[in-house]
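The values are calculated or read from the model by the stated rules, or taken from the named source; none is laboratory data. Note that the coordinates shown come from a computational prediction; the quantities given were computed from them, not determined experimentally. Cβ sites come from the backbone with ideal geometry, for glycine too, and all protein chains shown count toward neighbours. Heads up: the accessible areas ignore ligands, DNA and RNA and are worked out on the full protein's heavy atoms, side chains in. Shrake-Rupley method; radii C 1.70, N 1.55, O 1.52, S 1.80 Å.
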Amino acid sequence: MNQIFFLTKIIALVVAFKFFILDDLTLKKKAIVLSILIIFYLTTRISHDSNIFYFSFFIIGAYEVDFENILKTYLGVEVFCIFIIIIACIFKIIPEQIITRLDNKYVLRLSLGFLTPTDLAARFFYLLTAFYAWRKLQLRLVEHLLSLGIIGIIFVLTNARLDFILMLLLWVIGLKNKWFKYLIDTIKFRGIAVFVSLYIAVNILLAYTYNPHWAWSQMLNHLLSNRLFFGFIALKQHGISFFGRHLIEISNGTIQPQLPANYFYVDSSYIRLLVISGVLLSSFVLMLIFYLLNKFYKLNSYGLLAFLTLVIISSAIDQHLVEASYNIILTAAFAYVKPEENYSKNLVKMNI
């Protein structure tokens, strides 16, 4: 891990060189960005979580880069790396985690060389959302069938129920993309912003008010694989601070048949941001999300809107919102995104 972390630092320096030396920006703007990066670094020293700090280099480094090229590069690298990891696992070069569900000992969950089965499912969720965005939701029949086959295989291998539901939702959006485009043009940016705001607020509130003595709360916690319970512990016992705090977690990312007895891990990205990264960095991330939603809406980028919206939904149950190796949609903030024709205008032209 030390070597990998060192490599990450080198890559971040290369990206920083591109932004601060090569990009045509005023000195004032570069100074503002540098100040923000310093703030991110200082909060990282407190929380011991450097995801946002290093991700920020890629976000600013994407300045004026065609986001379609970023998508294509991500897809190529991701497919290649997933293939290598699975092959290495098959030939026993790297180990595999095989576990069962606590409530069903007959359901095997395989990781195929990834840290956990859930990580494998998340990899394919982000890969498919990026692919659908790159294709602008315009998939051929064979691509629809292939996507559905991949979704089914990943569910059989990992039994990741929440990722399965989200991937099925993505598949339906691609299959009925006209419905999705019509919905976006109907509710407009204000409707999207209200939905996202309520969704994130309710996600945090459900964890904060979790009570095992309430039947509905316990049932929802069970459906979400104890995510409300661990979110409750994080919010109540550790609390929220302005600059964040170091949180010691014991996850399931080891080669063992069952969860450790003292397992504690916060899966929700929003709760992780508040508790670990603090209010300051959480505010930056939320502002970035709403900025991107507005940017994609104005450019009629329905594929990217679908990508970001599903990531927002997924981030309530997984921790990958600010992890660059999973979620590259945030790099679109300063990247060049080509505007698309408004769907409603097309309906007018066709007299529909």
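Just to confirm a number: summing +1 for Lys and Arg and -1 for Asp and Glu over residues other than Ser301 whose beta-carbon lies under 10 angstrom from that of Ser301, what do you get? Please report the intermediate quantities before stating the final value.
Working: positive: Lys136, Lys295, Lys298, Lys338; negative: Glu340.
It works out to a net charge of +3.
Charges at C-beta only: +1 for Lys and Arg, -1 for Asp and Glu. How large is the resulting dipole of the chain about its Cα centre, in Debye rounded to 20?
Values: 30 positive and 19 negative charges, 119 e Å.
For the chain, the charge dipole is close to 580 debye.
What is the gain in length, in nm to one decimal, between Arg161 and Asn211 on full extension, counting 0.36 nm per residue of separation less the C-alpha to C-alpha distance?
Values: separation 50, 0.36 × 50 = 18.00 nm, distance 2.33 nm.
Taking 0.36 nm per residue and subtracting the Cα distance, the gain is 15.7 nm.
What is the calculated FRET efficiency for Glu249 to Lys178, with r their C-beta to C-beta distance and R₀ = 41 Å, to the nearest 0.05?
Working: r = 43 Å, r/R0 = 1.06.
Rounded to the nearest 0.05, the efficiency is 0.40.
Solvent-accessible area of His222, probe 1.4 Å, all protein chains present, reported in Å² to the nearest ten, please.
100 Å²
Using a 1.4 angstrom probe, figure out how much accessible area the stretch 1-350 has per residue, in square angstrom, rounded to the nearest whole.
Working: 18150 Å² over 350 residues.
Value returned for the stretch 1-350: 52 Å² of accessible area per residue.
In nm, to one decimal, how far is the Phe195 label point from the Leu22 one, both placed 7 Å along Cα→Cβ?
3.8 nm
Can you tell me the length gained on complete extension of the stretch Arg140 to Glu68, counting 0.36 nm per residue apart and subtracting the Cα distance? Mind dumping the intermediate values first?
Numbers: separation 72, 0.36 × 72 = 25.92 nm, distance 1.90 nm.
Answer, rounded to one decimal: 24.0 nm.
What GluC sites (Glu not before Pro) in the stretch 42-131 are in a loop by DSSP, with at most 11 other Cβ atoms within 10 Å of the Cβ? Working shown, then result.
Details: sites: Glu64, Glu68, Glu78, Glu96; in loops: Glu64, Glu96.
Passing sites in the stretch 42-131 are Glu64.
If you scale each eigenvalue of the Cα gyration tensor by 5 and take the root, what three semi-axes come out for the chain, rounded to whole angstrom and sorted largest first? Spell out each step's value before the answer.
Details: eigenvalues 179, 143, 104 Å².
Semi-axis lengths for the chain are 30, 27, 23 Å.
Under the 0.36 nm per residue contour assumption, what length would be gained going from the current alpha-carbon distance of Lys29 and Thr186 to full extension? Don't skip to the end; give the middle numbers.
Working: separation 157, 0.36 × 157 = 56.52 nm, distance 3.64 nm.
Here the segment from Lys29 to Thr186 would lengthen by 52.9 nm.
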